[in-house]
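This report concerns only the one structure given below.
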Amino acid sequence: MKASDLFVKALEAEGVRYVFGLPGEENLDLLESMRSSSLRLVVTRHEQAAGFMAATWGRLTGRAGVSLATLGPGATNLVTPAAYAQLGAMPMVMLTGQKPIKVSKQAHFQIVDVVGMMRPLTKLTRTLVSSEHVPSAVREAFRRAEEERPGATHLELPEDVARESTEAPLLAPSAWRRPVADEGSIAQAVETIASARRPLLMIGAGANRKLTSEMLRVLVDRVGIPFSSTQMGKGVVDESHPLWMGTAALTDGDFVHRAIEDSDCIINVGHDVIEKPPFVMRDNKRAVVHLNFSSAEVDPVYFPKLEVTGDIANAVWRITQGLEGRGNWDFTPFEKARAGLETQLQRGFADDRFPIYPARLVAEVRRALPDDGIVCLDNGMYKLWFARYYRTRKPNTLLLDNALATMGAGLPSAIAAKLVHPRRKVVAVAGDGGFMMNSQELETAVRLGLDLTVIVVRDDGYGMIRWKQGEMGLPDFGMTLGNPDFVRYAEAYGAKGHRPTSASEFGATLARCLDSGGVHVIDLPIDYSDNTRALGVGEKEEEAHHVG
């Protein structure tokens, strides 16, 4: 059997359904082996987009997504997706081609040290130097990508190795279970929480697993502890729940931080240091219980009193059992903070100004989508508005990146989300800056026959950096963009373009796009003039006004 055929069979044995990529001369043997396989090749217009798609596949399924590129410039274009997957804990396997390693007649043409380049960005990277290594290399790449903490791995397949003949047998995926926390740490956690006056759950990115979500909902319902989340923990527990205290989307001036200040015990579930700290520990006056697959990474602002290390879902379930019928808690101060949060969330939802007010944008998207509808955010100012205002009702239905926080991932992520969940409504929200970084993938979405809506939030500039520039007291410089006519741009790719002229027309347009087939692009100008008051220093003053 040819090594490339064996490689494809190894991918099939891992359950791979899609390979996202842009092939080159050095992986034509692998491409030919894929042609007669069960794998579906999604040819993208840029390798970066392919990597974002593969990472999102891994994020939504828990099984490693696969991206493909050739050597040299193809491989270097996977650097950003590698960091995206690695920091965001998204399982992904990258496959790149290479010149023959035994006899090469092209000197160093297009040669870079891809394995060396990928080393600081992956959990594993290696060159296959023999066809006999194919089964074990593929198995190990998938195992490492998918085990906790998930991330990126990389295999380089030289073209002469791909053409070798081999009789190496396939390796079946191994069965494994996550270790569970010991009884002593569970008992200590129960006692610490039960003896507290005002415990608070803080749900982070590591809790975004299906079973963990179910167990946390049971904990909240049965024990009655209020909860909040980080940006990447949104939706792990339904945010329409009356005990939701908000999202740590901002600095320490938000309502959720009032609850944090009033708490004497924080149960930090799935805390991942890649996100900005949801709270800052300045002393030992507040007990912090760390629940995660791995031990805490201690730093000056995070030094938990107790660590419960092991399978999170199992630990939450056992803690729930231990807490039922216990606890003499007083959440009265939390209720005041929550009242302020609810008032703030409602402000702006009916604002008719145009260009659209960001809270109205969030409200219209929430109104248009069912509970299981998926919103894929690129990176920009609107991300903070969605993190704070969007009521996420199911896990992994608001896909944002608060790890690498890269621009350009919104549209590719939405394409992958639609392939994972073809019957769900999927919306991509991207700023004009981020959208134009991978807007060519509109053609990919059209070619795949997807039903997808893209909202291009247009402020004709790099809005988040412009806001930061203003907050620093600096003049506006270097942030202004020129944009194409997004309606005609969409139509050039075979998509449908829309340009609403009022907030109410935007809501109606979005509803029509979601109810009709094909790829739709909505050009939506936005008014960011309220960023500072709504997202910055004005929070404490607003709360005081509300209470008064």
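Projected label points at ASP460 and LEU28, each 7 Å from Cα along the beta carbon direction, are separated by 4.8 nanometres.
For a quick check: sort TYR493, TYR84, TYR389, TYR462 by the number of other beta carbons within 10 angstrom, fewest at the front.
Values: TYR493 18, TYR84 29, TYR389 25, TYR462 21.
Listed from fewest to most nearby Cβ atoms, that is TYR493, TYR462, TYR389, TYR84.
When both segment 228-286 and segment 483-528 are represented by their alpha-carbon centers, they are found 35 Å apart. With the cut-off at under 14 Å, measuring from each backbone N in segment 331-356 to a point 7 Å along the Cα-to-Cβ line of ARG533 picks out 344, 347-349, 351-353. For segment 183-335, what does the alpha-carbon gyration tensor say about shape, rounded, prolate or oblate, given a ≥ b ≥ c as the root eigenvalues, a/c under 1.5 as rounded, and a/b over b/c as prolate? Rounded shape, in that the Cα axes give a/c under 1.5.
Please grab the % of Cα pairs in segment 3-162 that end up more than 24 Å from each other. Of all Cα-Cα pairs in segment 3-162, 22 percent lie more than 24 Å apart. Note on segment 286-330: Rg/Rh from Cα positions, Kirkwood definition for Rh, rounded to two decimals, is 1.04.
Assuming 0.36 nm per residue, please report the length gained on full extension of the stretch ASP476 to LEU170 beyond their Cα-Cα distance.
Value of the extension gain: 104.2 nm.
Relative to one another, the C-alpha centroids of segment 421-439 and segment 1-47 are positioned 26 Å apart.
Give the average over all directions of the projected area of the C-alpha convex hull of segment 128-208, one decimal, in nm².
Numbers: hull surface 32.3 nm².
It is 8.1 nm².
About the centre of its Cα atoms, segment 3-162 shows a dipole size close to 360 debye [charges on the beta carbon of Lys, Arg (+1) and Asp, Glu (-1) only; nearest 20 debye]. Legend: ranking of residues ILE274, ILE319 from fewest to most surrounding C-beta atoms inside 10 Å; resulting order ILE274, ILE319.
What number results when the radius of gyration of segment 208-258, computed over Cα atoms, is divided by 2.2 N^0.38 Å? Could the numbers behind the result be given before it?
Working: Rg = 11.1 Å, N = 51, 2.2 N^0.38 = 9.8 Å.
Normalised Cα radius of gyration, segment 208-258: 1.13.
Between the beta carbons of THR76 and LEU41, assuming R0 = 30 Å, the FRET efficiency works out to 0.90 to the nearest 0.05. This model, with +1 at the C-beta of Lys and Arg and -1 at the C-beta of Asp and Glu, gives the chain a dipole about its Cα centre of some 740 debye.
Restriction of the GluC sites (Glu not before Pro) in segment 169-276 to DSSP coil positions whose beta-carbon has at most 11 other beta-carbons within 10 angstrom yields no sites. No solvent, one uniform scatterer per C-alpha: report log10 I(q)/I(0) for segment 395-548 via the Debye equation at q = 0.16, 0.18, 0.21 1/Å, two decimals. Log10 I(q)/I(0), no solvent term: -0.96, -1.13, -1.36. Of the residues LEU200, LEU28, LEU535, the one with the fewest other Cβ atoms within 10 Å heads the list, and the complete ranking is LEU28, LEU535, LEU200.
Placing unit charges on the Cβ atoms of the charged side chains and taking the dipole of segment 183-335 about its Cα centre, the candidate lying farthest along the positive direction among GLY270, PHE331, VAL256 is PHE331.
Mind checking the dipole of segment 183-335: about its Cα centre, +1 per Lys or Arg Cβ, -1 per Asp or Glu Cβ, Debye to the nearest 20? Don't jump to the answer; show the numbers that get you there.
Values: 15 positive and 21 negative charges, 27 e Å.
That gives segment 183-335 a dipole magnitude of about 120 debye.
Counting Lys and Arg as +1 and Asp and Glu as -1, what is the net charge of the other residues whose Cβ lies under 13 Å from the Cβ of GLU335? Kindly include the intermediate steps, with their values, before the conclusion.
On the way: positive: ARG198, ARG258, LYS336, ARG338; negative: ASP262, ASP330, GLU342.
Its environment carries a net charge of +1.
FYI, it's all coordinate maths here, none of it is from the lab. Being a predicted model, the structure only gives us computed values, none of them experimental. When we count neighbours, we look across all protein chains shown, and the Cβ atoms used for this are built from the backbone with ideal geometry, even at glycine.
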